[in-house]
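> I am attaching a structure below and will ask some questions about it afterwards.
The values are calculated or read from the model by the stated rules, or taken from the named source; none is laboratory data. Since the model is a prediction, treat every value here as computed from it, not as a measurement. Cβ coordinates were reconstructed from backbone atoms using ideal geometry, including for glycine residues, and neighbour counts include every protein chain displayed. We work out accessible area using only protein heavy atoms, side chains counted, and drop any ligands, DNA or RNA first. Shrake-Rupley method; radii C 1.70, N 1.55, O 1.52, S 1.80 Å.
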Amino acid sequence: MTAQLDPKLIPRTVEFQTVAVKVPREVNITLISSITIITLIAIWWLVTTLGWIDALFLPSPTAVLQRFNDLFSNGYMSISLWNHIGASLGRIGTALIAAVITAIPVGIAIGRNKIVRGILDPIIEFYRPIPPLAYLPLIVIWCGIGELSKMLLIYLAIFAPIVIATATGVRSVDQAKIRAAQSLGASPMQIIKHVVLPSSLPSILTGIRIGLGVGWSTLVAAELVGASEGLGFMVQSSSQLLATDVVIVGILIIAVIAFILEIGLRRLQRKLVPWDKQSQ
């Protein structure tokens, strides 16, 4: 007798149909940012044109632009706008250079040595959350009202983020790389130079970017005392005179300069650490 197979047990050929999947286009962040800025300016113009907000509290974009042209031509308090910008950039630049030179070695020491970490880490973590305005009077008592007190205040604001970022980067270095360098006879300084620094460079650059942002926010507080020029001085003195348009011009100039510096640091980070995905 011939055995009959159950048709359900006979394998059938399965036909696969190719389905076209649409890959979404890459989002243009620059375009989105431009649209956002234009929208905010349009809302600003609308609420001031319709009189929803008094000009004393928020001048129109046209009034701010006119004030900028006036400051560019005549300056502020008999001092040119370029001198105000140069004074602020000089204070920020000096404090940033001093912070980078001192904070990176301190961060490496904290990350590599537990004794140094136990000594310095509590001090840095103690003063880091304190607003600069809180210890500004103490710095004035110690250093007077000259340029030293202003740059010291900005320096302290920039110093802590760079130290913390550097120490974090050093502690996250792959220990296998360090042991490999030690097995090849590398000295401690060679290990720091050729292994620790390159591996922690992304964190260091991120700390510098954060520190620079904190430094700009501290600039206004630093120029509160004994300053006769600078963007922070211009913002503070004009606010006391209720010159809101000058205040907005000063804020916009600070924002533009900080943005340009941030873009420059991002490009430098992409160039120095192209392997770091977070810097892309």
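> With the dipole of the chain worked out from charges on the C-beta (+1 for Lys and Arg, -1 for Asp and Glu) around the Cα centre, which of L197, G90, A243 lies farthest toward the positive end?
In the chain, that residue is L197.
> Here's another thing I want to ask about it. Determine the sum of side-chain charges near P59: Lys and Arg each +1, Asp and Glu each -1, restricted to other residues whose C-beta is under 13 angstrom from that of P59.
Numbers: positive: R67; negative: D54, D70, D245.
Result for the local shell: -2.
> Same structure, new question: Accessible area per residue of region 101-189 at 1.4 Å probe, in Å²? Spell out each step's value before the answer.
Working: 5080 Å² over 89 residues.
On a per-residue basis, 57 Å².
> How large, in percent, is the carbon and sulfur part of the accessible surface of the chain at a probe radius of 1.4 Å?
On the way: 12070 of 18070 Å².
That share works out to 67 percent.
> On to the next question. Ordering M77, M151, M234, M189 by accessible area with a probe of 1.4 Å, largest first, what comes out?
Working: M77 100, M151 55, M234 0, M189 135 Å².
Correct descending sequence by accessible area is M189, M77, M151, M234.
> Provide the per residue accessible area, probe 1.4 Å, for region 228-280, rounded to a whole number of square angstrom.
Details: 3140 Å² over 53 residues.
Per-residue accessible area for region 228-280 comes out at 59 Å².
> How big is the accessible area of T39 in square angstrom, nearest 10, if you roll a 1.4 angstrom probe over the protein chains?
70
> Can you classify the chain as rounded, prolate or oblate using the Cα gyration tensor, where a ≥ b ≥ c are the square roots of its eigenvalues, rounded means a/c under 1.5, and otherwise it's prolate if a/b beats b/c and oblate if not?
Working: a/c = 3.22, a/b = 1.37, b/c = 2.36.
Cα axes put the chain in the oblate bin.
> Where does the charge balance sit around L252 when Lys and Arg score +1, Asp and Glu -1, over other residues with C-beta under 11 Å from its C-beta?
Values: positive: R67; negative: D245.
With Lys, Arg at +1 and Asp, Glu at -1, the net is 0.
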